[in-house]
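A short worksheet on the structure shown next.
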Amino acid sequence: MKTLLLALAFSAIASAQTGNADYGKKLWTKVGCYQCHGYDGHGGAGAKLAPKPITLPAFLAYVRHPGPGNMPIYTTKVLPDAELTDIWAFLKTVPDPQPVKDIPLLGGIK
């Protein structure tokens, strides 16, 4: 029984640190992150966040205190740490964009 409880606790901690990428993708759209950072996080009016996002602690800190004139502040009442972790998990799943040389319209024709 003690082993089962430890395993469940460890699973909950691991899940909290890694997040749920599927739910994070839904939140990305629901909260409106895509409006500045693009649907895939590759940037736009806002910074490029994917692929290979910054560390989770840095991501959480920046979203909570982005600095003047950058992006809106998202408090824990609006977006709890668990949901931000889910968004971060989604960003980690975003693949690298296709190389320009492989896009025929942009010069990939041989």
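Placing a label point 7 Å from the Cα of Asp96 along the Cα-to-Cβ direction, the residues of the range 37-66 with a backbone N closer than 12 Å are 51-52. Couplings for the range 85-98, taken from phi via the Karplus curve 6.51 cos²θ - 1.76 cosθ + 1.60 with θ = phi - 60°, read 5, 5, 4, 4, 4, 4, 4, 5, 8, 5, x, 4, x, 5 Hz in order; Gly and Pro are left as x. Heavy-atom accessible area with a 1.4 Å probe sorts Asp86, Asp22, Asp81, largest first, into Asp22, Asp81, Asp86. Computed extension length for Thr55-Leu106: 15.1 nm, one decimal, from 0.36 nm per residue of separation with the Cα-Cα distance subtracted. Electrostatic tally near Lys52: other residues with Cβ closer than 11 Å to its Cβ, Lys and Arg +1, Asp and Glu -1, net +1. Residues in the range 10-97 average 62 Å² of solvent-accessible surface per residue, probe 1.4 Å, ligands and nucleic acids excluded.
The values are calculated or read from the model by the stated rules, or taken from the named source; none is laboratory data. Predicted model, so just to flag it, every value in this text is computed and none were measured. A quick note on method: Cβ atoms are made from the backbone with ideal geometry, for glycine too, and the neighbour counts reach across all protein chains shown. Keep in mind that these areas ignore ligands, DNA and RNA; they rest on the heavy atoms of the full protein, side chains included. Shrake-Rupley method; radii C 1.70, N 1.55, O 1.52, S 1.80 Å.
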